[in-house]
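Worksheet: one structure, shown below.
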Amino acid sequence: MLAGARDAFGWLVVRHSRAVRAAVLSRLGRTNDLDDLVQEAFLRAYQGLSRLEDPGRFGAFVHRIAHNVSIDRLRRSGREPEPLAEIDLSVAPEPARTADVREERLERLRLQVGKMPATLREAVLLFYFEQKSSAEIGAVLAISEAAVQQRLHRARQHLKAVLGEGGSA
């Protein structure tokens with residue numbers, strides 16, 4: 001029975017690892033111990049499974065733990081989160097024949113997403129990187145769907161303003 005529970009939890013780790021990684025990145029920026037923090041979040045989630053009342057909310061549960069792990073790390077280090085130099089928004093590797101102009105625009109976009117405030121960056125990462133719906137993001141962040149839409153709208157407006165591209169950002 002315990003082996004089955006470990007296998008099931010392993011599946012949850014695979015399913016939610018990118019979202020947890022994005023949550024830690026959105027709070028701390030790039031850090032040398034990113035993988036350790038992600039692993040710590042899943043370890044705490046495994047240890048706290050008995051507190052999870054609704055198994056369908058595991059994603060929100062582990063996301064909150066990742067947030068807390070990140071905050072703990074910031075407190076221990078006594079530093080502010082550093083803006084990210086870049087965010088990888090790609091879902092799959094780009095084909096080799098991708099145009100240089102598109103690559104340049106994508107690079108500028110990555111840099112600007114990395115500089116966004118954490119609340120906007122987190123919504124962007126979950127929506128575009130993790131391809132979660134507004135409802136799923138709301139559940140993960142414990143906010144309403146309207147608040148998710150507002151954050152995404154603000155993020156898009158911010159990107160349009162800093163990239164200077166009317167509607168093509």
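See the values below:
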| item | result |
| --- | --- |
| Arg64 being surrounded by 11 or more Cβ atoms within 10 Å (Cβ to Cβ), basic (Lys, Arg) and at pLDDT 85 or above | yes |
| Any chance Arg156 is within 23 Å of Gly29 (Cβ to Cβ), buried (at least 16 other Cβ atoms within 10 Å of the Cβ) and either assigned by TED's automatic domain parsing to the domain that holds Arg27 or at pLDDT 85 or above (or both) | no |
| Selection count where residues are among the charged types (D, E, K, R) and not in a helix (DSSP H, G or I), scope segment 15-68 | 4 |
| Residue, nearest to the chain's Cα centre (by Cα), within segment 14-60, restricted to residues that are over 22 Å from Glu136 (Cα atoms) and among the hydroxyl-bearing types (Ser, Thr, Tyr) | Thr31 |
| Counted residues, segment 105-135 - those being touching a residue at least 60 places away in the same chain (Cβ under 8 Å) and under 19 Å from Val24 (Cβ atoms) | 9 |
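The values are calculated or read from the model by the stated rules, or taken from the named source; none is laboratory data. Treat the numbers as computed from the prediction; the structure is a model and nothing was measured. Cβ coordinates were reconstructed from backbone atoms using ideal geometry, including for glycine residues, and neighbour counts include every protein chain displayed.
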